[in-house]
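Down below is the structure, laid out as C-alpha cells.
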Amino acid sequence: MGHLMRTLALGGAAHRRGWSVSVIGDIDEVGMSIARRMEPDLALDSSQGAALLDSLADAASDADVVHLDSYLDAPDLSSSKVLVSNMQDGPYGARAADLSIDANLGAERTFERVELSRNALVGLDVAVVRDQVLRRRDAPLRTTSSPRVLVVMGGSDPQGLTARVTRALDGFRHPLRVTVVDPRDRDEVRAAAADSSHETRVIGFTDDLPAIAREHDFVVTAAGTSVWDFACMGLPMGLLCAVDNQRLGYEQVVSQGLATALGEPPHADLEARVIALESVLHDRAELAAQATALRNAVDGLGTWRIVASWEQLVDTRQDAPRASRPMAVRSATADDAPMLFDWRNDESTRANSRSTGPLEWTSHVAWLGGALLDRDRRLLIVESDGDPVATARWDRRSETDWEVSITMAPSHRGQGLASAVLAASEGALILDAPSRLIASVHTENTASLRLFQRAGYLPHLPVDSGGFATFARWRLAPVR
C-alpha cells in the first residue's frame, strides 16, 4: 500500500502539471478502489505476472518517463529511449536508472549501488508527500483534556502489532482518546478496542488519513512511508520496525531523535515500551519540540522535486555534450583584487546577481581579505592557457551543502567556456562524500540555467520572490 500511495502522489502531481499519466501494477481490488477515489484522472492498469511485464514494456515504448516503485525485478529498459526513474529503499529496489531516488533519512550516507545511477535524489528532501498532507501542515491543532493517540500500522500488519499496541495502551494510568486504523477489519483488533479502558474507536482504510491524523496529539506507527506524512505535519510519534525492509529507516529516524523508539522484531518488550510513552504524552513542551523538529525535517517539497526533475531531465537529455577545454584552477590571492573588482562590477554580472548595486573598492578589498581567510569559503581562479577566464566561489551552507557562484571574465563570455569552468571548479573542490553542490540562478539568466541543468543540477527550491531558482547535485560515495 505504501508503494501505491507514493506512486499515486507522484502521478497526481505530474497530471496537475500537464502530464498524461498511467499507473501500472499488481494492484488488488481494494487498492484499485482507493486509487480511483484518490486520483480519478489517472489511467489505471492492474496486471500480474507476464501480463504486467508486457504492459510495462508497451508503456515504455512511447512514454517519456517510466517511474518504478517495486522491490521485485523489473525488465531492463536501458535499450529504450524512455527516461527511467526508480524509487529505492536502501538495498531494496535498487536498479539501473537515469534518476534514482532514496527518500529515507540519511540516504545520502547509505545510498546503495551508486554506480547504477546517472542522477540521484536522496534524503528527506524527496520524501513523497501528498497534497492532502500539505493542506493539513499548517492547520491549527485543537487541544483537549485527554491526549489523543492514533494507532496505524499500514495496510497489512503481518505481525498483528495493531492489536498488541491497542491492548498495551491500557497500561496508561490516565485516560486517552484512541483511534485505531485497521484496513483489514480483524476480529482481534476490534476485540482489543472493545475491551479497552480508554475511549477507543476503530476505523477502516481512510482516503484522507492526514485529516484523521491532524485530530491527534501523537501517533504510534510502523516505520513505513506514512512516517514522512506525519513528520511533515509535525505529529510526534512512537515508531515500530514492523518488517525487515523498515529496519534501516527505523534506525535512522530514532537515532536522529525524531521519534520515540518502540523496538524491532520480535518485539518481546513492546508492551513495556508503549506504557513508557505516557510520560511523553503528558509533556506538552516535549511534544511541541518534537513537532517543530519533524516539520523542519520534512518541508513537503519532495513530490515537486521529483516531478520537476523528470521535466528537466526529459528536456535536457537530448543536449549534445560540449567539448571541454582543459582548465587550470588556483586559489585566489590578494593580488587578484583589481581583476575581481572589475569582473564583479561589470554591468551584466551585476544584473544577474542577487546584489545588483555597484561595488566600492575599499569594501571589496576588505571582503576579499576576509574571504581568503574563511574556512567555509573557497575562492578559485579558473585559467585557460595561463589566462584567467572566470572565478568560482564555493560557500558552505550546511554540513553537506556548498553553493557555487561563477563569474566569467567579460572578455571571455560567449565562448562556450562556462561548462568547462564549472567542471574544473567542481574538480578543485575537495570534499568528503556525501556532499551536495548548490546553485541559485535567476530565471531570466537562461545561459546559466542551461549550464547547471546540463551539468546534472536538479530542481531543489522553486523560484523565490527575487526570481531565483535553486538547483542541487549530490556527490555520493559507494557504500562499503
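Just one of the listed residues (Arg325, Arg317, Arg330, Arg350) is closer than 23 Å to Glu403 by Cβ and open to solvent by 60 Å² or more (accessible area, probe 1.4 Å), and it is Arg330.
Set side by side, the residues Ser85, Ser22, Ser47 differ, and just one is among the polar types (S, T, N, Q), touching a helix residue (DSSP H, G or I) at 6+ places or on another chain (Cβ under 7 Å) and under 24 Å from Gln246 (Cα atoms), which is Ser85. Reported count of residues in the stretch 255-266, each being surrounded by 20 or more Cβ atoms within 10 Å (Cβ to Cβ) and farther than 18 Å from Phe172 by Cβ, is 2. For the stretch 193-216, the condition holds for no residue, the condition being that it is touching a Lys or Arg at 6+ places or on another chain (Cβ under 9 Å), closer than 22 Å to Ala107 by Cβ, touching a residue at least 12 places away in the same chain (Cβ under 8 Å) and open to solvent by less than 30 Å² (accessible area, probe 1.4 Å). Residues in the stretch 413-440 that are in contact with an Asp or Glu (Cβ under 8 Å, 6 or more places away or on another chain) and of a type outside the set (A, V, I, L, M, F, W, C) were compared, and the one that is least open to solvent (accessible area, probe 1.4 Å) is Ser435.
Among the residues of the stretch 127-177, those that are open to solvent by 10 Å² or more (accessible area, probe 1.4 Å), more than 20 Å from His3 (Cβ to Cβ) and of a type in the set (S, T, N, Q) comprise Thr143, Thr144, Ser145, Ser146. For the residues Thr303, Thr316, Thr349, the requirement of being in contact with a helix residue (DSSP H, G or I) (Cβ under 7 Å, 6 or more places away or on another chain) and within 19 Å of Thr391 (Cβ to Cβ) singles out Thr349. Condition check for Thr443 on (1) open to solvent by 50 Å² or more (accessible area, probe 1.4 Å); (2) closer than 21 Å to Ala334 by Cβ; (3) among the β-branched types (Val, Ile, Thr); (4) in contact (Cβ under 8 Å) with a residue 24 or more places away in the chain: one failure, at (2). Of all residues in the stretch 372-398, those satisfying the criterion of being crowded, with 16+ Cβ neighbours inside 10 Å and of a type in the set (Gly, Ala, Ser) are Ser384, Ala390, Ala392.
Looking across the stretch 345-381, the residues that are touching a Ser or Thr at 6+ places or on another chain (Cβ under 6 Å) and either among the basic types (Lys, Arg) or within 21 Å of Phe468 (Cβ to Cβ) (or both) come down to Thr349, Arg350.
Filtered by the rule that a residue be in contact (Cβ under 8 Å) with a residue 60 or more places away in the chain and surrounded by fewer than 20 Cβ atoms within 10 Å (Cβ to Cβ), the stretch 20-41 gives Val30, Arg37, Met38. Out of Asp336, Asp269, one residue alone is farther than 20 Å from Asp217 by Cα and open to solvent by less than 50 Å² (accessible area, probe 1.4 Å). It is Asp336. The residues of the stretch 80-105 that are small (Gly, Ala, Ser) and closer than 19 Å to Leu52 by Cα, listed by number, are Ser80, Ser85, Gly93. Of the residues screened, Asp64 is one that is within 25 Å of the chain's Cα centre (by Cα) and open to solvent by 50 Å² or more (accessible area, probe 1.4 Å). Can we say Leu105 is open to solvent by 20 Å² or more (accessible area, probe 1.4 Å) and either of a type in the set (Val, Ile, Thr) or under 21 Å from Ala223 (Cα atoms) (or both)? Criteria met by Leu105. Taken over the stretch 42-52, the criterion of being buried (at least 18 other Cβ atoms within 10 Å of the Cβ) and part of a loop (DSSP other than H, G, I, E, B) is satisfied by Leu42 alone.
Scanning the stretch 53-75 for residues that are in contact with a Ser or Thr (Cβ under 9 Å, 6 or more places away or on another chain) and part of a helix (DSSP H, G or I) yields Leu53, Asp54, Ser55, Leu56, Ala57, Ala59, Ala60, Ser61.
The values are calculated or read from the model by the stated rules, or taken from the named source; none is laboratory data. Quantities reported herein were computed from a predicted structural model and do not represent experimental measurements. Every residue, glycine among them, receives a Cβ derived from its backbone with ideal geometry; neighbour counts consider all protein chains shown. Note: areas computed on protein heavy atoms with side chains; ligands, DNA, RNA excluded. Shrake-Rupley method; radii C 1.70, N 1.55, O 1.52, S 1.80 Å.
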